[in-house]
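Written out below as structure tokens is the structure these notes cover.
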Amino acid sequence: ETGVTQSPTHLIKTRGQQVTLRCSSQSGHNTVSWYQQALGQGPQFIFQYYREEENGRGNFPPRFSGLQFPNYSSELNVNALELDDSALYLCASSLGQGTGELFFGEGSRLTVL
Amino acid sequence: AQSVTQLDSHVSVSEGTPVLLRCNYSSSYSPSLFWYVQHPNKGLQLLLKYTSAATLVKGINGFEAEFKKSETSFHLTKPSAHMSDAAEYFCVVSDRSAGNNRKLIWGLGTSLAVNP
């Protein structure tokens, strides 16, 4: 049990729709990272937020955006959903930017039809 | 450029026999290295980490890994596999890029099957 909670756990959307995924970080952690994990693949880094600012981004288009709030919780927003966006979206919190010691939530499973 | 290679995509062992999951890395600086485990339909959990202290690192659930700089390896081992060890394992290297912003490089994963 890491103390990182994500919601919703599962959701189904159709192409072109928008989705918001939420993450509550572990108490005391000021950094949140988001990963996309397609079926049978490893996690792909989307971006990281440190003290409410985006602090590093992977190879994802601008329709993937995020927010971090003063309590360090975070949202991942994806606009204009595509079929290939179907994946497990993982949130990880950590104390400080750039550490490899991440505490992951159980993920949000997104299916795009 | 930094990279991490997990040498086996699938490993199958019998319950009670040793486990060896291999990971090689390349890094321009002193790396930190991690192993994560992911059980089916679950998030990832940190198994163990190496951050330039002792080269033999002990983790949870009886796993350990040895950092070998000369071989640029960080293999994960366990003396005796348990059925509950069946999962996907990821080797991760954290390397210093610009300033103090360390970038995480993930391996592609090794799927461990444990046979009764």
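No value in this document is a laboratory result; all are computed from the given coordinates. All values derive from a computational prediction rather than experimental measurement. Counting neighbours? That spans all protein chains shown, and the Cβs are built from the backbone with ideal geometry, glycine included.
A few remarks follow.
- Considering B:87, B:53, B:81, the condition of being within 14 Å of chain A (Cβ to nearest Cβ), farther than 26 Å from residue A:35 by Cβ and not β-branched (Val, Ile, Thr) is satisfied by B:53 alone.
- Test result for residue A:81, out of contact with any helix residue (DSSP H, G or I) (no Cβ under 6 Å at 6 or more places or on another chain), under 20 Å from residue B:106 (Cβ atoms) and in a loop (DSSP other than H, G, I, E, B): no
- Residues in the range A:1-21 that are touching a residue at least 60 places away in the same chain (Cβ under 8 Å), more than 12 Å from chain B (Cβ to nearest Cβ) and under 15 Å from the mean Cα position of the chain (by Cα): A:7, A:8, A:11, A:18, A:19, A:21.
- Qualifying residue in the range A:36-49 (condition: more than 10 Å from chain B (Cβ to nearest Cβ), part of a loop (DSSP other than H, G, I, E, B) and surrounded by 16 or more Cβ atoms within 10 Å (Cβ to Cβ)): no
- Yes/no for residue B:33 being part of a strand (DSSP E or B), surrounded by 20 or more Cβ atoms within 10 Å (Cβ to Cβ) and more than 14 Å from chain A (Cβ to nearest Cβ): no
- Residue in the range B:63-83 that is within 27 Å of residue A:56 (Cβ to Cβ), crowded, with 16+ Cβ neighbours inside 10 Å and over 15 Å from the mean Cα position of the chain (by Cα) present: no
- Some residue of the range B:96-107 being over 30 Å from residue A:7 (Cβ atoms), away from chain A (no Cβ under 14 Å) and aliphatic (A, V, I, L, M): no
- Test: residue A:33 is under 11 Å from the mean Cα position of the chain (by Cα), buried (at least 16 other Cβ atoms within 10 Å of the Cβ) and closer than 24 Å to residue B:51 by Cβ: yes
- Tally, over the range A:63-109, of residues that are more than 13 Å from residue A:23 (Cα to Cα), within 14 Å of chain B (Cβ to nearest Cβ) and among the aliphatic types (A, V, I, L, M): 4
- Complete set of residues in the range A:52-62 that are more than 14 Å from chain B (Cβ to nearest Cβ) and within 13 Å of the chain's Cα centre (by Cα): A:60
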